[in-house]
Amino acid sequence: MKLIELAYFTPQVEEMTAYYRALLADEPVAQSPDMAIFMTGHTKIFIHRTYTPGPNDLPPENHTAYEVPDVDAACATFAQQGLTIEIPPTDYYWGRSAYLRDPDGHLIELTQPQKA
């Protein structure tokens, strides 16, 4: 597994963008009024405006994302080890992802890139 993303959901997108701009001494690689993306090495810092989720939306929660070669296989392995998959593998516009939580309740995304 490779850490690829730190996602922060906030009502303060402008303030968070300014903070990470100063901290990293760099500009976002993508930006809109509702989000900003910074790259540090191979890891994305994704700042996203908090939203009220609909019934089929992902939870707008801070999370870490790890890239795996096969999300379904990783979930099967983790389930065999007794870990609970909170949101099963699903296809999204960015690729295939699944979500689980660590013992403190932090959301963790497992993701595989879209196939070309």
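The values are calculated or read from the model by the stated rules, or taken from the named source; none is laboratory data. What you see is a predicted model, and the numbers here were worked out from it, not measured in a lab. Note that we place each Cβ from the backbone using ideal geometry, even for glycine, and neighbour counts take in every protein chain shown.
Tabulated data for the structure shown
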read-out	value
Check on Asp104, acidic (Asp, Glu), exposed (fewer than 12 other Cβ atoms within 10 Å of the Cβ) and not in a loop (DSSP other than H, G, I, E, B)	no
The range 52-98, subset among the small types (Gly, Ala, Ser) and surrounded by 12 or more Cβ atoms within 10 Å (Cβ to Cβ), residue farthest from Lys115 (Cα to Cα)	Ala79
Selection status of Asp34, surrounded by 12 or more Cβ atoms within 10 Å (Cβ to Cβ) and charged (D, E, K, R)	no
The range 23-40 residues that are under 20 Å from Glu61 (Cβ atoms) and free of Cβ contacts under 8 Å to residues at least 24 places away in the same chain, paired with ones that are surrounded by 11 or more Cβ atoms within 10 Å (Cβ to Cβ) and small (Gly, Ala, Ser) (beta carbon under 8 Å, 6 or more apart)	Ala36/Ala30; Ile37/Ala30
Selection within the range 68-95 - touching a Pro at 6+ places or on another chain (Cβ under 7 Å) and either under 23 Å from Thr10 (Cβ atoms) or modelled with pLDDT of 95 or more (or both)	Val71, Asp72, Cys75
